[in-house]
Amino acid sequence: MQRQYLCLILPTFMALATPSIANSQEFSTAPLSTPSAMPSDAMPVTPLAFFEWVRGQDSSTVAARAQQIREHLYALIAVAVKQRFASNHTMALATGDTALAQLFEWADGFGVPGAADVAQAIGVRNGSSVTPHPTDGFQLAFSAPVFSLGTEHGKWMVRFPYFFMIGTVTRQRLANGIETDLATLSTLTAPNNRAIGGASQATILILSAQTSDLPSYVAFWLQQMQIAPTDTVANPVPQATRSYKHFDAGSRLWKELVALKIPSGSLLVAYIGLDGTYQANRPHFLDLLASLRVRQ
């Protein structure tokens, strides 16, 4: 499900041409209390069976379904994380958990930046990572149980839990000549609304550009995301300039966009998810917004 609504945004973008942070910040445990669920993708729903299934596929099939495989891996990770939270009510990394480490090792092998860092922090990994950290002026660091992601160009940094799936992190020049830093993050897998069925991740999309014309930057991305300029809502964080929210009844997709004026220019943070997972994981979107730090 996640890749279906990501395709509304990322192809459009691709076709266009470290501050300190308080370590005491807490992340909500509410998303960990939601039921475990797996996507409706016909893949095995246990780690061992899934690993065997992947090994049994030919290379072309694996390449064609790489994104779906990544999402399935993180659905399995979400199940493990939620089960651990149900048992001991902690978000701490499960050190020594070989099964969880193997899931992150596989995620590293399938192109998820930072997944190898988590596997190593669990304490059962000795090899080097397959997937490199982002470049283009981005810095990714892991200090269990959270990642920090920053950009030298935008001069911002955010933090998020280790079970987020890191996706596209890049810097590109848009068709209007504006270079934009883009980062996509995916939340825990959660059940979709019954009318949809299955389960999915919600997506957090971070966009920044060294432009002082925030209204024009916002207008451009509202158009790309098919959000009306009149869909304004109260700002979820005090530092926001303006915020928008839209629900598409046909696709049952929620889209939320928060605009901020920052010292380096303009910053947008979008939150996109199907009905059900959008509500379940929104506390972590708000936590990420609260973690934002900027510098001159």
TODO: Could you please let me know if Ser208 is surrounded by 15 or more Cβ atoms within 10 Å (Cβ to Cβ), at pLDDT 95 or above, under 24 Å from Ala280 (Cα atoms) and small (Gly, Ala, Ser)?
DONE: no
TODO: From the list Leu103, Leu93, Leu149, pick out the single residue that is part of a helix (DSSP H, G or I) and of a type outside the set (Phe, Trp, Tyr).
DONE: Leu103
Open item on the list: Of the residues Gln172, Gln224, only one is more than 9 Å from the chain's Cα centre (by Cα) and part of a helix (DSSP H, G or I); which?
Closed with: Gln224
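Here's the yes/no breakdown for (1) in contact with a Phe, Trp or Tyr (Cβ under 8 Å, 6 or more places away or on another chain); (2) closer than 17 Å to Leu267 by Cα; (3) modelled with pLDDT of 95 or more:
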site: Gly96; (1), (2), (3): no, no, no
site: Ala107; (1), (2), (3): yes, no, yes
site: Gln120; (1), (2), (3): no, no, no
site: Ala141; (1), (2), (3): yes, no, yes
site: Val146; (1), (2), (3): yes, no, yes
site: Glu152; (1), (2), (3): yes, yes, yes
site: Val158; (1), (2), (3): no, yes, yes
site: Arg173; (1), (2), (3): no, yes, no
site: Leu182; (1), (2), (3): yes, yes, yes
Open item on the list: Going residue by residue through the stretch 8-27, is there one that turns out to be out of contact with any strand residue (DSSP E or B) (no Cβ under 6 Å at 6 or more places or on another chain), surrounded by 16 or more Cβ atoms within 10 Å (Cβ to Cβ) and modelled with pLDDT of 95 or more?
Closed with: no
- [ ] Check Ser40, Ser36 and return the single one that is under 19 Å from Met165 (Cβ atoms), modelled with pLDDT of 95 or more and part of a loop (DSSP other than H, G, I, E, B).
- [x] Ser36
- [ ] Check off (1) of a type in the set (Ser, Thr, Tyr); (2) within 20 Å of the chain's Cα centre (by Cα); (3) part of a helix (DSSP H, G or I) for Ser216 and give me the number that stays unchecked.
- [x] (2)
TODO: Look at the stretch 178-221 and say how many of its residues are out of contact with any His (no Cβ under 9 Å at 6 or more places or on another chain), aliphatic (A, V, I, L, M) and farther than 19 Å from Pro134 by Cβ.
DONE: 8
Task: Top-ranked residue of the stretch 175-205 - restricted to ones that are aliphatic (A, V, I, L, M) and surrounded by fewer than 16 Cβ atoms within 10 Å (Cβ to Cβ), ranked as nearest to Pro113 (Cα to Cα) - done: Ala175
Open item on the list: Can you find, within the stretch 227-245, the residue that is surrounded by the most Cβ atoms within 10 Å (Cβ to Cβ) among those that are in contact with a helix residue (DSSP H, G or I) (Cβ under 8 Å, 6 or more places away or on another chain) and outside any loop (DSSP other than H, G, I, E, B)?
Closed with: Tyr244
- [ ] Looking for whichever is among the small types (Gly, Ala, Ser) and at pLDDT below 95 here; the options are Ala259, Ala199, Ala195. Which one fits?
- [x] Ala195
TODO: Please specify each residue of the stretch 114-146 satisfying the condition of being assigned to a strand (DSSP E or B) and touching a Ser or Thr at 6+ places or on another chain (Cβ under 7 Å).
DONE: Phe138, Gln139, Ala141
TODO: Exactly one condition in (1) within 19 Å of Ala202 (Cβ to Cβ); (2) of a type outside the set (Phe, Trp, Tyr); (3) in contact with a Phe, Trp or Tyr (Cβ under 8 Å, 6 or more places away or on another chain) is not met by Gly250; state its number.
DONE: (3)
Task: Residue pairs meeting the criteria (Cβ under 9 Å; at least 6 apart or on separate chains; first over 16 Å from Ile206 (Cβ atoms), in the stretch 138-165; second among the acidic types (Asp, Glu) and in a strand (DSSP E or B)) - done: none
TODO: For the stretch 61-90, enumerate the residues that are buried (at least 18 other Cβ atoms within 10 Å of the Cβ) and farther than 19 Å from Pro39 by Cα.
DONE: Arg84
Task: Scope the stretch 192-212; condition of a type outside the set (Val, Ile, Thr) and in contact with a helix residue (DSSP H, G or I) (Cβ under 7 Å, 6 or more places away or on another chain); matching residues - done: Asn192, Ala199, Ser200, Gln201, Ala202, Leu207, Ala209
Open item on the list: Can you find, within the stretch 129-149, the residue that is farthest from the chain's Cα centre (by Cα) among those that are more than 11 Å from Arg159 (Cβ to Cβ) and among the hydroxyl-bearing types (Ser, Thr, Tyr)?
Closed with: Ser129
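The values are calculated or read from the model by the stated rules, or taken from the named source; none is laboratory data. Because the structure is predicted, anything quoted here is derived from the model rather than measured. No Cβ is skipped: glycine too gets one built from the backbone with ideal geometry, and neighbour counts run over all protein chains shown.
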